[in-house]
Structure formats: C-alpha cells, structure tokens
Amino acid sequence: MTLTVSRRSLASLAAAGAAAPILASCTGDHRPVSSSPAYVAGSAELEVELAPEVDGVQYPESYDGPRARQRTRLTEEDAEFRIVVPAAPDVDMATNAHSRWLEETTGVRIVFETLPPGDDARPALTGMIASGNMPDAFMLGASMFSPSEIALYGEQGVFQGLGEHIDRWAPNLLETFSRMSNARALATAPDGDIYAFPSIGQCYHCSGGPTRLWIRGGLLSSIGLEEPRTIEEFESMLETIHGTGAQTGVTTTLTGERDTPPLAYFYSCFDNPGNDWLRRESGAVIHAGSDDAMRTTLALLRGWVEKGWLDPAAFTQDADQRDRLIGDTAHSPVAITSGWLPGEDPWTDFVAMAPVSAGDVDPVLPWDYWRAVDQNLMITSSCADPQLLVRWADAQMDLIGTTSARMGPPELGFSWSAEGELGIDGRQAIYTRTPQENGANLGWQDWGPYNQGLDLRNAERVDPAHRGLEATLYDATKLFEPYRMPEEATVYPGIFDTSQAAEVAEFETNIEAIRVRHIAQFIAGAADVSADSDWQTYQDELEAAGLSRYLELRELGMQTRGL
C-alpha cells in the first residue's frame, strides 16, 4: 500500500531520501480494535486491571507516582514487532539489557531497525512514510515528530488511533492520566484521538534551568560580602568583585554563553520573561523579547559592560568558548556564569544564586509546566496487532518498567533502597542506581514509553556526603520555585495545519535570529538601546519578519489543542 501524504507535510520532515527496506508487519491472532477518528475519550471500558503491587518497596510519604507492580507475560504466542529507533553511539538495542528483560517479562519480541545517524535520519524516515513500507511502529523520542505532524499523519491514516486501545488495555497509563490533570489533553489530537502512546517525563530542575546563575564557591565570603537579594545589591556585588580581582584571581566578573546568556535572570526583576520569550496575558500571546521590560534590562546590562562588570561575549560565544574561559572550576578566573557548568563534577566549585528583586517587587521567573508529556511511540497502519503493542508499551509505565528503561533491569541497573535512605528531594528513597562503566548498554535513551513523574525521578537515593549533579540542580531549582510564573501564563505548543506549521517554522527561525542579533548589538554597544530610533529599528525588523502573525498563530494553535 502506498499512503498519500501532503507534499507540504513531507517537506516539514525533510527532503525525501531513498526508501528503507520493506518491513514485515506484526503477527499474532489478536484481532485489532480500530479506533475511530470520532472516538470519545473514556467511552470504552478497561478490560485489564492494574497488576498487584510488589511487596517491600519503600515509598516516600504522599508519594504521587507509578507503583512497582508484578509482571506477567502478555502473550504465550509468538509475537514479534518491528520498530524503528534513532541511532545512538552507546546503545545497541538488539543486545541492550532492558530490551532483553522486556522481552523476557512480556513475551513480546522486538526487532529494532536503526535510522541512519545525524542529518540522514530525517530523509530515511520520510522515505518510509512516503512509500508506505513502514515498520509496525516508530519509537523516536520527542524530537522527530511535532504534535502537528503526529496529528496530520493520524488523520491521514499513517498512524493508528490509540484512544480506544488505551482505554481498554493501558491501565498504567490511565492511572497516570487520573493523577495528571492535563496529561491526556496534551497527548490528544484535535479530532479527539491519540496517535502516539505518550511518555511522562517531568524534570524539576529543567523547569527553571535556562535562568540560573552560578557563582564561584567561597568567593563572596572571601571578600566580606553576602549574597545579594535586590538588583541594587547585585550591582554593588559586581563592583566589589571587579575591584578585588587582583586579590581573588577573578578576571571576568560575569559571563555566559549565547544559548543561555545572563538575560532572563535579570529581566525577571521587571516582568515575566515566559518560556522562549513568550508569555500569555488575558488569552493573548506576548513577545517578551521586545517589550519595555526587555529594553530596561538591556540598558541595565549595557551599563555593566561599560563598567567592565559584564563580558559582552556572554551573548555571542558558544558553550565551548565559555568553558575554556572558566577553565578549572576550582580555581576559575570567572566569578559568575549562566548556563550549564563544564567539567566532570564542578557543582561544589560553583553554587547557584537565588533570584533578586527590583525594589519591593518580587521577580517572576520562567517555569516550564508543559514539557511533561512526550509523544514517543507511533503505531503505524502496517501493524496488524496494535492492541498487543499498546499493552507492551503500557507494561513499561509502572515503576519497574520505567526505572529499567532509564538504568537497566532490577539488580543489574538498580536495587530497592532501604528504609531511612533519602532521595533527591530529601524524602524516603525508592531505588538506588547501580554504578556502571560507560557504555554498559543497560537502558534506553528517552525514546520509548516511560512514566518518569517528579516523585519517581526524585526518589533516587543520593549519597548525603556527595549529593551529585541531579540533587545539586534540584537544590538550585528550589531557590526559584517560590517566584515561578503562574501556569496560566504558559504558551503551550500548538497544533497547526500544514500551511500554519510552515508559517510558524519560518517565523520562529527569523524572529529568533533577529532577536539574538539585536540583543548582542545592544549589549556590545553597536546599537544604542536608549536611542528610540535604534529600538524602533529592532521592532520594525521583528514586525517585517511576521511577529504579529506568529503570535496570532501561537494563540490559535493552543485553541486548536483546547488549551
């Protein structure tokens, strides 16, 4: 069968490459349940119950996450599916420990086909879809298909509707839907069906990640200062650090790198930066990247550049250049930086800074509310037994299946924590990671079904004497949480038709390029942020690039999704 897919939708994937080899469909005697495009969520009754819980597992008080459940084979027949996955240098899916454990515990064998690496992956994927010679499923993580593409391919019959299968055969996922109020909505296409089995991947420290600043540990105490609480105190601190460089070895007071420059941290003193410089006010989408608060922030930062307190390269250099500037984190010539820190374990050398306020007004910090639901597993029209494949996916949504996918199977990748051992968030730990050598090939990347809610992620045991990266980032994010923006200010990813999707992609690329270029010019002094003519030039370029239409589309995309 050759499937008809619109030319513009294929163009959004990539230029078509050579078609992949023909893949056999899945086999088995299960008769598939066909989900209608008009399927109403919850209208089918669940036909399997949650499995009994495993005894002896320690849970923290008020734990809100998947439970460890007993495992039974899903079929006694020969069952085999072909699934396409991305390439990864350290993962061999055929010999992977989680792959083998999953086959043993479910009775379902998966034959994995790997896409070519790098830029060749998209053309190969496009060729499969255009020719109709597809596997039973694509298991690609959240980056290969946008929600709009998934909805389009679902409506065209390329991907099967899974809503009814989920309501009948996915008790673990349904239990998660009952706990997470917007999870099902984020997984649902505009026609009401679900065309990708969703994965839950909440990440606490990711919520405020792009905004953080890090200061060299012990620096403030060595020059007799306390951590600032206001923007005025921050300026005084910068002045003192700059003036005591000969004593402390600091040659760069404040720096960063172009992907996470030291900008949103200070903008938040004046208004809500939103996510990716977009926020929602009274139902309208606002571009924070060109409003009055941005102009105020840039004028403040330009003044710091003139005084030698801020490195203008913080807005133009890449992460590698910034890392070379930082050097040895224990004896770094850099006092403060934004972004991720370099090195194997620099988290005791630099410490997170708390937000600062402008006068009596608390800051409003970006907070990521929506990156919890990924659409990772798409079952294609080539699959004759979607029911069994949905049950296979759901078998990975309990605590054991999810933790095995991350770390490797029980005992090999993790063990149960003892009573009294503490997790990342300071509560009772559930599991302890087994130390491994690099390249152990135990778990998967974040491609397949998983159910990593916050309470489960934070229940990994940590060493009290050396809390490590994840716990350090958790502690840093706790400083930001009291000032997080309200959830109703979130601009969620929308769902667009093919014409709208092409517009959005073009607008996003051009608007970001203009914003990044002008901000760097304002910081460096190549343009004068205080001059109305220079600021108007920035505004005019954004408008000519389609800013108003882009904001309108983002609002429409959320409305289409019912958000």
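The values are calculated or read from the model by the stated rules, or taken from the named source; none is laboratory data. Being a predicted model, the structure only gives us computed values, none of them experimental. Every residue, glycine as well, gets a Cβ built from its backbone with ideal geometry; the counts of neighbours run over all protein chains shown. Accessible surface is based on the protein model in full, side chains and every heavy atom, while ligands, DNA and RNA are left aside. Shrake-Rupley method; radii C 1.70, N 1.55, O 1.52, S 1.80 Å.
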Legend entry - Only one of 514, 519 that is open to solvent by less than 60 Å² (accessible area, probe 1.4 Å), in contact with a Leu (Cβ under 7 Å, 6 or more places away or on another chain), free of Cβ contacts under 8 Å to residues at least 60 places away in the same chain and farther than 29 Å from residue 185 by Cα: 514
Legend entry - Output for segment 316-366, where each listed residue is touching a Cys at 6+ places or on another chain (Cβ under 7 Å) and not aliphatic (A, V, I, L, M): 357, 363
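Being without any contact (Cβ under 8 Å) to a residue 24 or more places away in the chain and either surrounded by fewer than 18 Cβ atoms within 10 Å (Cβ to Cβ) or outside any loop (DSSP other than H, G, I, E, B) (or both): is that true of residue 500 here?
Working: without any contact (Cβ under 8 Å) to a residue 24 or more places away in the chain: no; either surrounded by fewer than 18 Cβ atoms within 10 Å (Cβ to Cβ) or outside any loop (DSSP other than H, G, I, E, B) (or both): yes.
Taking the combined requirement at face value, the residue does not satisfy it.
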Legend entry - Residue pairs meeting the criteria (Cβ under 8 Å; at least 6 apart or on separate chains; first polar (S, T, N, Q), in segment 309-330; second in a loop (DSSP other than H, G, I, E, B)): 316/258; 317/258; 329/341; 329/342; 329/343; 329/346; 329/349
Inset, instruction - Identify all residues within segment 233-263 that are in a helix (DSSP H, G or I) and in contact (Cβ under 8 Å) with a residue 40 or more places away in the chain; write none if there are none. - result: 233, 234, 235, 238, 239, 241, 242, 248
Legend entry - Only one of 83, 129 that is part of a helix (DSSP H, G or I) and surrounded by 19 or more Cβ atoms within 10 Å (Cβ to Cβ): 129
Inset, instruction - Scan segment 351-379 and report the pairs whose first residue is under 21 Å from residue 189 (Cβ atoms) and touching a residue at least 60 places away in the same chain (Cβ under 8 Å) and whose second residue is open to solvent by 50 Å² or more (accessible area, probe 1.4 Å) and small (Gly, Ala, Ser), with Cβ atoms within less than 8 Å and a gap of 6+ or a chain change. - result: 374/142; 375/142; 376/142
Inset, instruction - Would you mind telling me which numbered condition in (1) in contact with a helix residue (DSSP H, G or I) (Cβ under 9 Å, 6 or more places away or on another chain); (2) of a type outside the set (D, E, K, R); (3) open to solvent by less than 30 Å² (accessible area, probe 1.4 Å) residue 245 fails? - result: (1)
Inset, instruction - Would you mention how many residues in segment 161-193 are closer than 30 Å to residue 131 by Cα and open to solvent by 40 Å² or more (accessible area, probe 1.4 Å)? - result: 2
Legend entry - Looking only at segment 522-559, and only at residues there that are part of a helix (DSSP H, G or I) and hydroxyl-bearing (Ser, Thr, Tyr), the one that is nearest to residue 188 (Cα to Cα): 550
Legend entry - Subset of segment 264-287 [of a type in the set (Gly, Ala, Ser), over 21 Å from the mean Cα position of the chain (by Cα) and outside any strand (DSSP E or B)]: 268, 282, 283
Inset, instruction - Scan segment 140-164 for residues that are within 16 Å of residue 381 (Cα to Cα) and not in a loop (DSSP other than H, G, I, E, B) and jot them down. - result: 149, 150, 151, 152, 153, 154, 155, 159, 163, 164
Legend entry - Residues of segment 418-433 that turn out to be open to solvent by 10 Å² or more (accessible area, probe 1.4 Å) and either touching a residue at least 60 places away in the same chain (Cβ under 8 Å) or not hydrophobic (A, V, I, L, M, F, W, C) (or both), as a count: 10
Legend entry - Unique residue being farther than 19 Å from residue 254 by Cβ and surrounded by 15 or more Cβ atoms within 10 Å (Cβ to Cβ) when the list is 340, 367, 309, 304: 367
Inset, instruction - Read through the list (1) open to solvent by less than 10 Å² (accessible area, probe 1.4 Å); (2) more than 17 Å from residue 369 (Cα to Cα); (3) at pLDDT below 90; (4) of a type outside the set (Val, Ile, Thr), then give the number of the only condition that residue 208 fails. - result: (2)
Legend entry - Pairs with Cβ under 8 Å, 6+ apart, first in segment 82-104 and in contact (Cβ under 8 Å) with a residue 40 or more places away in the chain, second open to solvent by 10 Å² or more (accessible area, probe 1.4 Å) and among the acidic types (Asp, Glu): 82/113; 83/113; 84/113; 85/113
Inset, instruction - Working only within segment 522-539, note down all residues that are touching a residue at least 24 places away in the same chain (Cβ under 8 Å) and open to solvent by 50 Å² or more (accessible area, probe 1.4 Å). - result: 524, 530, 539
Legend entry - Subset of segment 201-222 (residues that are without any contact (Cβ under 8 Å) to a residue 60 or more places away in the chain and part of a loop (DSSP other than H, G, I, E, B)): 218
Inset, instruction - Starting from residues that are part of a loop (DSSP other than H, G, I, E, B) and of a type in the set (Val, Ile, Thr), keep the ones in segment 344-391 and report whichever is nearest to the chain's Cα centre (by Cα). - result: 364
Legend entry - Considering residues of segment 294-343 that are among the small types (Gly, Ala, Ser), modelled with pLDDT under 95 and not in a loop (DSSP other than H, G, I, E, B) only, the residue farthest from residue 528 (Cα to Cα): 330
Legend entry - Qualifying helices (runs of 4 or more DSSP H) (wholly inside segment 398-481; at least 3 residues being over 25 Å from residue 139 (Cβ atoms)): 468-478
Inset, instruction - Test residue 319 against the stated conditions and say whether it is open to solvent by 10 Å² or more (accessible area, probe 1.4 Å) and of a type in the set (A, V, I, L, M). - result: yes
Inset, instruction - Tell me, yes or no, whether segment 227-236 has at least one residue that is surrounded by 17 or more Cβ atoms within 10 Å (Cβ to Cβ) and touching a Lys or Arg at 6+ places or on another chain (Cβ under 8 Å). - result: no
Legend entry - Within segment 86-113, tally of residues that are open to solvent by 80 Å² or more (accessible area, probe 1.4 Å) and not in a loop (DSSP other than H, G, I, E, B): 3
Legend entry - First in segment 548-563 and closer than 16 Å to residue 276 by Cα, second anywhere and β-branched (Val, Ile, Thr) and open to solvent by 30 Å² or more (accessible area, probe 1.4 Å), Cβ under 9 Å, 6 or more apart: 551/286
